[in-house]
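Trainee: Handing you this structure, nothing more for now.
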Amino acid sequence: MSDLKFPPGFSWGVATSAYQIEGAAAEDGRGPSIWDTFSHAPGNTFEGHTGDVACDHYHRYEQDVDLIASLGVDAYRFSISWSRVQPDGHGAWNAKGLAFYDNLVDRLLEKGIKPHVTLYHWDLPQALQDLGGWGSRDTADRFAEYASVMGRRLGDRVATICTHNEPWCTAHLGHHVGQFAPGAKDPQLAIQVAHHLLLSHGKALQAMRAAGVKAPLGIVLNQSSVTAATDSQEDRDLAERQYASFVRWYMDPIFLKRYPTAPGLHLYPVMHENDFNEIAQPLDFLGINYYTRIWASAATPPVPAPNAMGANDMGWENYPQGLAELLVKVNRDYNLPPVYITENGYAGADRLVAGKVEDTQRIEYVRTHLEALQQAMEAGVDVRGYFYWSLFDNYEWNSGYAKRFGLVHVDYEDQQRTLKDSAHWYRDLIRKGR
Ligand code: IFM
């Protein structure tokens with residue numbers, strides 16, 4: 001641990017998202033989102049779990065902010081539930097929903113914690129889905145209006161605002177494989193959705209800047225390094241295609257005003273003439289979420305990844321070096337703004353025994369990823385902060401409450417929060433770093 005050294009001013013944080021923690025799904029005027037609809041439909045989530053109650057953060061946010069402060073972090077990343085502040089995604093605003101985020105931000109500031117806001121973490125108002133959702137170009141305009149209102153409301157108090165979290169998940173998992181809301185299984189629709197998400201990002205940045213929003217503005221992308229399993233042409237082509245679909249599909253339009261080409265990549269969206277100019281707005285920062293690498297094996301059955309045995313509870317290979325490889329590569333290929341690692345974390349089969357959770361694998365995961373991060377920074381990547389995913393165990397989407405990523409254990413019966421060993425370790429790391 002003593003070898004880890006980060007520059008003065010480097011931010012240490014924890015991250016969450018609205019649907020995963022807030023609960024209070026039908027309270028104080030919140031409208032339904034696509035995740036309410038999806039999680040309530042039979043067969044979509046593990047044992048039918050929903051985010052109706054989740055971590056009950058909506059009612060407990062004051063104690064939760066105290067908990068965050070007790071970790072010694074200086075930053076907290078959370079998302080706004082669009083349908084809590086604007087129940088239909090257009091038209092009327094909900095004063096109680098807006099007040100909740102005002103109060104949360106104020107409470108964080110009182111405790112000396114910088115709020116980092118995400119506008120969209122997958123929970124589209126259901127009323128907009130009924131009008132075509134992200135498959136409709138109009139949704140990009142609705143999003144820009146929402147961004148402009150929230151930006152004006154919070155932009156003078158928060159540290160950053162990002163438009164989207166992991167648009168690949170919304171497009172691919174939500175519209176191609178159907179694993180996430182709204183559960184569509186249409187590859188061409190997924191490509192169109194990805195385009196509208198990027199367009200909505202560009203429109204939102206323009207709208208917030210036109211409204212004079214002062215906070216730095218950016219986007220959060222999930223990214224991985226990609227390794228071809230062997231030197232065969234098939235594996236190398238697959239690796240190139242996967243890197244293009246996962247990383248370049250979002251980076252190229254934003255930084256280079258184009259979509260990538262790669263062997264076997266043949267679906268492209270319908271576009272309007274000026275779309276790349278709208279999308280490629282300057283970023284004040286880029287958020288990168290890194291969990292694992294992509295292992296590209298075209299063989300049947302696939303050649304297993306070398307570290308597959310050390311996978312986490314999601315089955316994700318532990319490959320810290322991929323974080324350094326990825327950061328160095330994207331820093332070389334694009335003219336990057338300052339970067340935050342906005343998510344990185346480990347799902348473990350954690351057990352609360354006599355008031356303790358001994359999660360040594362999580363500690364090892366974070367320690368080794370921070371070593372890799374340090375290497376990338378020494379190689380010249382301008383990284384300003386690191387957010388552990390997640391503050392506490394929460395609703396892991398279609399996996400329900402079965403997967404635990406938290407530094408803080410949550411007992412869903414009584415909502416008791418308990419700091420895991422990793423939380424104590426993270427607090428010590430931050431304290432020593434300062
Ligand atoms: O829980 C998710 C989060 O919502 C987005 N990034 C990945 C996390 C772990 O799967």
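The values are calculated or read from the model by the stated rules, or taken from the named source; none is laboratory data. If you're wondering where the values come from, they're calculated on a predicted model, not measured in any experiment. Note: ideal-geometry Cβ built from the backbone for every residue, glycine included; neighbour counts use all protein chains shown.
Trainee: Counting only residues that are of a type outside the set (Gly, Ala, Ser), outside any helix (DSSP H, G or I) and in contact with a Ser or Thr (Cβ under 8 Å, 6 or more places away or on another chain), which one in segment 77-106 is surrounded by the most Cβ atoms within 10 Å (Cβ to Cβ)?
Mentor: ARG77
Trainee: In addition: Looking at segment 157-174, is at least one residue more than 23 Å from PHE285 (Cβ to Cβ) and buried (at least 24 other Cβ atoms within 10 Å of the Cβ)?
Mentor: Taking every residue of segment 157-174 in turn, at least one turns out to be more than 23 Å from PHE285 (Cβ to Cβ) and buried (at least 24 other Cβ atoms within 10 Å of the Cβ).
Trainee: Kindly establish whether ALA194 is within 16 Å of the ligand (Cβ to nearest atom) and either at pLDDT 95 or above or outside any helix (DSSP H, G or I) (or both).
Mentor: It is false that ALA194 is within 16 Å of the ligand (Cβ to nearest atom) and either at pLDDT 95 or above or outside any helix (DSSP H, G or I) (or both).
Results for (1) away from the ligand (no atom under 15 Å from the Cβ); (2) under 22 Å from the mean Cα position of the chain (by Cα); (3) within 14 Å of MET314 (Cβ to Cβ); (4) modelled with pLDDT under 95, shown as yes or no for each residue.
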position: ARG384; (1), (2), (3), (4): yes, yes, no, no
position: LEU391; (1), (2), (3), (4): no, yes, no, no
position: VAL410; (1), (2), (3), (4): no, yes, no, no
position: THR418; (1), (2), (3), (4): yes, no, no, no
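Trainee: How many residues are assigned to a loop (DSSP other than H, G, I, E, B), within 16 Å of the ligand (Cβ to nearest atom) and either over 29 Å from THR418 (Cα atoms) or touching a residue at least 40 places away in the same chain (Cβ under 8 Å) (or both) if we restrict to segment 1-43?
Mentor: Total meeting the criteria: 3.
Trainee: Name the single residue, out of those in segment 349-381 being without any contact (Cβ under 8 Å) to a residue 12 or more places away in the chain and either over 15 Å from LEU429 (Cβ atoms) or assigned to a strand (DSSP E or B) (or both), that is nearest to the ligand (Cβ to nearest atom).
Mentor: Restricting to residues being without any contact (Cβ under 8 Å) to a residue 12 or more places away in the chain and either over 15 Å from LEU429 (Cβ atoms) or assigned to a strand (DSSP E or B) (or both), the top hit is ARG351.
Trainee: Turning to a different aspect of this structure: Can you tell me which residue is surrounded by the fewest Cβ atoms within 10 Å (Cβ to Cβ) among those in segment 208-221 that are under 24 Å from the mean Cα position of the chain (by Cα) and of a type in the set (Gly, Ala, Ser)?
Mentor: So, considering only residues that are under 24 Å from the mean Cα position of the chain (by Cα) and of a type in the set (Gly, Ala, Ser), the one surrounded by the fewest Cβ atoms within 10 Å (Cβ to Cβ) is ALA215.
Trainee: Within segment 222-231, does at least one residue satisfy the condition of being buried (at least 24 other Cβ atoms within 10 Å of the Cβ) and under 14 Å from ALA280 (Cα atoms)?
Mentor: No, segment 222-231 contains no residue that is buried (at least 24 other Cβ atoms within 10 Å of the Cβ) and under 14 Å from ALA280 (Cα atoms).
Trainee: I'm trying to understand the selection: among the residues of segment 185-207, which are over 18 Å from the mean Cα position of the chain (by Cα), of a type outside the set (Asp, Glu) and more than 16 Å from ALA280 (Cβ to Cβ)?
Mentor: Correct list: LYS185, PRO187, GLN188, LEU189, ALA190, ILE191, GLN192.
Trainee: For segment 279-335, how many residues meet the condition of being within 20 Å of HIS164 (Cβ to Cβ), within 16 Å of the ligand (Cβ to nearest atom) and either in a helix (DSSP H, G or I) or among the charged types (D, E, K, R) (or both)?
Mentor: So the count comes out to 1.
Trainee: Please identify the pairs in which a residue from segment 219-237 that is under 21 Å from TRP316 (Cα atoms) has its Cβ atom under 9 Å from the Cβ atom of a residue that is part of a loop (DSSP other than H, G, I, E, B) and at pLDDT below 95, counting only partners at least 6 apart or on another chain.
Mentor: Cβ pairs passing all conditions: THR227/ALA305; ALA229/PRO304; ALA229/ALA305.
Trainee: A further question follows. Considering (1) in contact with a strand residue (DSSP E or B) (Cβ under 8 Å, 6 or more places away or on another chain); (2) outside any helix (DSSP H, G or I), say which one TYR346 fails and leave the rest.
Mentor: Single failed check for TYR346: (1).
Trainee: Moving to a separate point now. Just name the residue that is farthest from the ligand (Cβ to nearest atom) out of those in segment 128-167 that are among the polar types (S, T, N, Q) and within 19 Å of the chain's Cα centre (by Cα).
Mentor: Only one residue tops the list, namely THR160.
Trainee: Can you say whether ASN103 is within 16 Å of the ligand (Cβ to nearest atom), of a type in the set (S, T, N, Q) and closer than 17 Å to ILE21 by Cα, as far as the supplied structure shows?
Mentor: no
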